[in-house]
1. What distance in nm separates the simple spin-label points at Glu120 and Thr204, each placed 7 Å from Cα in the Cβ direction?
2. For region 543-633, what does the accessible surface come to per residue with a 1.4 Å probe? Please give it in Å².
3. Can you list, largest first and rounded to whole Å, the semi-axes you get for region 626-672 by taking the square root of 5 times each eigenvalue of its Cα gyration tensor?
4. What is the log10 of I(q)/I(0) for region 418-490, computed with the Debye formula using one identical point scatterer on each Cα and no solvent, at q = 0.17 Å⁻¹?
5. Tell me, what HN-Hα J-couplings in whole Hz come from the Karplus equation 6.51 cos²θ - 1.76 cosθ + 1.60 at θ = phi - 60° for each residue of region 760-767, using x for Gly and Pro?
6. Collect residues whose amide H, placed 1.01 Å from N in the peptide plane, falls under 5 Å from the amide H of Thr716; neighbours closer than 5 in sequence don't count.
7. So what is the accessible area of region 687-728 per residue, in Å², with the probe set to 1.4 Å?
8. Just the number, please: carbon plus sulfur as a percent of the accessible area of region 391-477, 1.4 Å probe, no ligands or DNA/RNA counted.
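The values are calculated or read from the model by the stated rules, or taken from the named source; none is laboratory data. Since the structure is predicted, the reported quantities are computational estimates derived from the model, not experimental observations. Because the Cβ atoms are built from the backbone with ideal geometry, glycine has one as well, and the counts that use them run over all protein chains shown. Please note that ligands, DNA and RNA were not included when accessible areas were found on the heavy atoms of the full protein model with its side chains. Shrake-Rupley method; radii C 1.70, N 1.55, O 1.52, S 1.80 Å.
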Amino acid sequence: MRGARWIAVFGVVVLFACGDDDRPELDAGDDSGLDATMPDGAMDGGTDAPMDDAATDAPMDGGADAFVPPARLSTLIDEAATAVCAGLVRCCDETAMTQFFSPIVESETFESFRDRVPPEATLTEEQCSEVLAEIYAIRPFGDWVEAVSAGEVDFVESELDACLAELEEAECGAEMATRLFDGECLAFVAPNGGESQRRMFERTRTEGDACDPISDGLGAGFYGTCDPDVAFCCYRAPGEDDCAFPIAGAVGTCAEAAGVGERCAYGSIPLLLCATGLYCNDEGRCEAEATTPLDNGETCASPGFDILGECTDGYCDLLGTRECTARKANGESCSGAEECSGGECSGTPRICRTSTFCAGEVVAVTVAVMPMEVTLETGAMQTFTATVMGAADTSVTWSASAGTIDGGVFTAPDVAGAVTVTATSVADPSVSASATVTVTEPSTGAWSVSTLAGDGMMGSTDGTGAAARFRTPTGLAIDADGSILVADQDNRAIRRVTSGGVVTTVFAGAPLSGPWDVAVASDGALWVSDRSNHSIWRIEGGVATRLAGSPTGDSGYMNGLGTAARFNRPRGIVFDADGSLLVADEGNHTLRRVTATGEVTSFVGDGSPGHADAPVASARLYQPFGVLRAGGTIFVAGTDNCVRRITGGNVSRVAGLCQNFSSSGTTNGAAFDARFNGPRGMAIGVGGVLLVADNSNNLIRSITTDLATVETFAGTLSAGGTPVSGFQDGDALTEARFFGPTDLVVLADGRVVIVDSSNHRVRIVAR
C-alpha cells in the first residue's frame, strides 16, 4: 500500500456533493466521526457500507471442507487490548489515560462507553483491558476479523507478535505515544486502524474476485479486500459499467490496477488506480515511484500528493514545497507532529513541542505569540493570540511599546514606525514572547479586486489559482499559519487556500453534509457549523466528531449537552473570549453558545423571531447569519437587513432598519438610514472599519470606526444605484462584480479575502 494514496480521497469524495442552499435537508444518519474521510459508509465496512453478497460465497480452501480461521484470531482482540492497557498502566497517570480514550469515545460510535472510561471512571489494568477489547471488537479489528473468518484476507500472526513486543519494550513518553497514536502498532487512528493493520492483514483477492469495501484507514477502501499490488475494488452501480465509489446497490469486483504508462484518474469517473509502487503523474499516467531515500531539499511528492520517496532525515512538506525539509525545533509553527523534532504539534497557534504523553519529558514554561509579524496602517487594529505551555495557568499580560493593547486586541499608534507587542506568562513572569508590528502611513491607492482561487466552474479540484474549483463555498477563517480555511458547502468539505492561491482539501465527505462556516479553536482543532444536518462538528487529526446537534440530523430548538441539543440551520460561528463557540442559529432566530464539552445554551433569543434591542436576556433576533467578535464587542448580521452589536450585556442596532424584508436596499450614508440586502459575514478591516458581505446586493459594504456611516467598499452599482451582479475583477468600486458574497476575512497585511459563493471563487481585495 503506497504511503500517499489516501490523500487522493479528498480529491474525489466531493463528487457526490451537490445542490444549493435551498435544497431539501438531508438525513445525516448516525455517522461515526472515525469514518469521516469518505461518503457515508463508503469505506469502513460498517452498517452503512454496501456489501457484496457474493463475498459470503468466496471459494474456501480444501474443496468441500469448511474454511477454518487461524486459532490465534480468536485471541487477537484480547491480546491487543491487554498489551495496550499494560503500557498505559505502566507509563501513564489518569490524565494520560483520559487523553488516550477521549478521541475514541468522542465518536458517536463509542459514546456509550463514555461512563466506563476516564475521566468518568478510574480503571484498573484488568478493567481497561475489558472495555478496550469491547471497543476494538467494533473498530478497528471487527471488520478484519470477519474478513479473515470468511477467508477474504489472511491473518499474519508474526505482525501481531511484533506489535505486542514493540508495546512491551516502548519507553514511556514520545515512543509510547507513537505506538498508541501514530498508527505504528495497534494505534486507533481514523477511520479504521493504521499501518499495523495493513501489515497484519494481507489482502489476497485478485482480478475478477468479489470484494468488500473494508478500510485500513489510509485510503485502502479503494482496494477493499483486493490485493493492492495487482487490483483495486471496482464498484458498479446497477446498470452501470464504469467504476465508482461504493454506493447503495453497488457491487464490488477486483479490477486490474493501471500499470506504468497507463492512464489513471483520481478525481473523475471512471475511476482507475495505479498499482502499488506507481503514482498518477501530472499527465494522468502511472509512473514508478522513487525507491531511494531522499535528502532534504529533494522533491518527495508529486503535485497530486503522491509520495515519491522517503525522507532520510526530515519530513515531506506536502502542503508547501513538496520537498524533504528539516524537522523544526520546539516553538516553531507547525501543522503536524511529523514536522517536529520533539514529536508534538499542538496548541493555538500550533507550535512544535516535546511530547509529554505518559511520563515523557517535562517541558518548561513557554509562550508563543501569533501572528509573529504584521504590517498595519496607523490606527488599524489587529488581534494577537498567546499560547502558554508547561503551566496550569495559561493566562498572559499584554504590553505594547506604542499604541494600545487590550486583551490581545492591538490598536496601532498614529505615527509610523516599529512596535513590539509582548505577552508575558502570569505563571512565570520571566517568560514572554513578542511580535513585531510595522506601522505604516495610510495608503492612498485605490482598492482592486482579483481572483485568488477558482475559475467559476463548480468542482472539487485542488490546485493553484484558476486550476482549483469550489462548489458554493460559504464560510472563511484564518488558520494559525495565516492560510485561509474555506467551508466548501456543496462539496461537503473544508479546503485550505494559501496566500499564493494554492488550494488543498483538509477534510471532505461524511459526516459533513452542508458545512457553512469554520472556526479555529485554541488547540488548533477546526469547528464547523453544518446547516444541512443541524450540527456543530469538531475536526482534528482527520476525524470529525459531532460536538452538538441531533445524531440523526434532525432540526429543532433545544439546549443541552452534545447530541441532546438541537439547532435549525446553524450558520456563522466565532469563538468568544472564554473559548466557547458563538453560533448564529438562523432557523431558531437565536445566537447560541457551545462549550468545549458540547454544552449548548442560548445567548441571545429564545427561538422566536423579533427585532427587539434590549439586554441579552430579552432581546430578539431575526434569522441571524453572520457573527463576529472584535475585542469585547460581538456583531450580528441577519435577514432583517441590519447589523447589530452586543456589548456590556446589551443588544443594539448599528446599521440598517432591523425590521423585515421590505427594509432592503443599497442606500449609503448615516448608519441608521442605510439599507442592506441579506448581510452575512463580517470582518474588521484596515483602520478599524467594519466590513460586511452584503449578499443579495452583491456588494461589500463598510461601516466607519465610529459606526456612524455606511459606504460601499467593493462591488459595482448601476447609474440608477442598482447592484450589478456577475463576475469581473478590477477596480473595487468601478469594475469589480460579485455574485452572492457570503463571508470575508482580513489578512495580517490588510488585504481582504472574500468568498464569492455563487461565482465559486475566493477573491482578494488589495491596493
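1. Once both label points are built, they end up 4.2 nm from each other.
2. Numbers: 3010 Å² over 91 residues.
Result: 33 Å² per residue.
3. On the way: eigenvalues 83, 23, 17 Å².
Listed largest to smallest, the semi-axes of region 626-672 are 20, 11, 9 Å.
4. Values, matching the q order: -0.85.
5. So the Karplus estimates, Gly and Pro as x, are 6, 9, 10, 10, 9, 10, 9, 8 Hz.
6. It is Val724, Phe738, by chain and number.
7. Details: 1450 Å² over 42 residues.
Per-residue value: 34 Å².
8. Details: 2080 of 3920 Å².
Carbon plus sulfur share of accessible area: 53 percent.
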